[in-house]
Amino acid sequence: MSAKDRSTYPLAVHLLLYRGGELLFLQRANTGYADGQWSVPAGHVESGESAVAAAVREGAEEVGVAVEPEDLALALVQHKRDPIDGDERVDLFFRTAKFTGEPKNREPHKCAQLQWAAPGELTQVIGYVANALERIEKGAVYAEYGW
């Protein structure tokens with residue numbers, strides 16, 4: 001196999017912020033991808049950035065909360081091939097119930113609203129996020145989606 005045949009998947013992080021038995025969800029808007037559906041704070045890991053640092057950054061950027069790196073626990077690794085756009089990547093889902101600040105919509109140009117809900121309670125959760133949450137609930141640490 002040559003180097004050009006190797007996969008170079010982007011790495012994305014998803015932040016699962018828990019309060020009691022509820023998880024913080026964001027409703028996507030004006031992005032051109034899955035608008036109207038629910039997700040969690042997330043984003044790509046930037047060059048030179050660790051996955052944990054990216055999760056901390058996304059929490060601050062998207063919902064205005066501060067998370068200490070040591071308070072994050074890896075909940076799931078998911079290898080994804082998106083059926084909507086064909087995007088292939090590896091998603092890391094980090095969980096925490098420890099954060100500072102009251103979540104607020106810091107990106108109203110990409111997010112219609114925030115909502116606390118029990119996992120599985122909301123309909124219209126983006127497929128790969130719903131898959132990850134179901135797998136986490138069953139105790140899995142690895143999942144695949146869209147293959």
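The values are calculated or read from the model by the stated rules, or taken from the named source; none is laboratory data. Small disclaimer: the values here were computed from a predicted structure and weren't measured. With ideal geometry, Cβ positions are generated from the backbone for all residues, glycine too; neighbour counts draw on all protein chains shown.
Let me confirm something: among A53, A112, which residue is out of contact with any strand residue (DSSP E or B) (no Cβ under 7 Å at 6 or more places or on another chain), of a type outside the set (S, T, N, Q) and not in a loop (DSSP other than H, G, I, E, B)?
Numbers: A112 fails: out of contact with any strand residue (DSSP E or B) (no Cβ under 7 Å at 6 or more places or on another chain).
Being out of contact with any strand residue (DSSP E or B) (no Cβ under 7 Å at 6 or more places or on another chain), of a type outside the set (S, T, N, Q) and not in a loop (DSSP other than H, G, I, E, B) holds for just one of A53, A112, which is A53.
Filter the stretch 103-147 down to the residues that are farther than 27 Å from D85 by Cα and in contact (Cβ under 8 Å) with a residue 24 or more places away in the chain and list them by number.
Just the residues of the stretch 103-147 that are farther than 27 Å from D85 by Cα, to begin with: 103-104, 116-118, 138-139.
The answer is P103, K104, W116, A117, A118.
Taking only the stretch 46-71 into account, find how many residues are touching a residue at least 40 places away in the same chain (Cβ under 8 Å) and touching a helix residue (DSSP H, G or I) at 6+ places or on another chain (Cβ under 6 Å).
Residues in the stretch 46-71 being touching a residue at least 40 places away in the same chain (Cβ under 8 Å) and touching a helix residue (DSSP H, G or I) at 6+ places or on another chain (Cβ under 6 Å): 3 in total.
Being within 16 Å of V56 (Cα to Cα), among the aliphatic types (A, V, I, L, M) and modelled with pLDDT of 95 or more narrows it down to one residue among A97, A130; which is it? Let's see the steps before the verdict.
On the way: A130 fails: within 16 Å of V56 (Cα to Cα).
Testing whether each residue is within 16 Å of V56 (Cα to Cα), among the aliphatic types (A, V, I, L, M) and modelled with pLDDT of 95 or more leaves just A97.
From (1) in contact with a Gly (Cβ under 7 Å, 6 or more places away or on another chain); (2) in a helix (DSSP H, G or I), pick out the condition that doesn't hold for A12.
Among (1) in contact with a Gly (Cβ under 7 Å, 6 or more places away or on another chain); (2) in a helix (DSSP H, G or I), A12 violates only (2).
Consider the stretch 32-66. How many of its residues are loosely packed, with under 13 Cβ neighbours inside 10 Å, within 19 Å of A112 (Cβ to Cβ) and of a type in the set (S, T, N, Q)?
0
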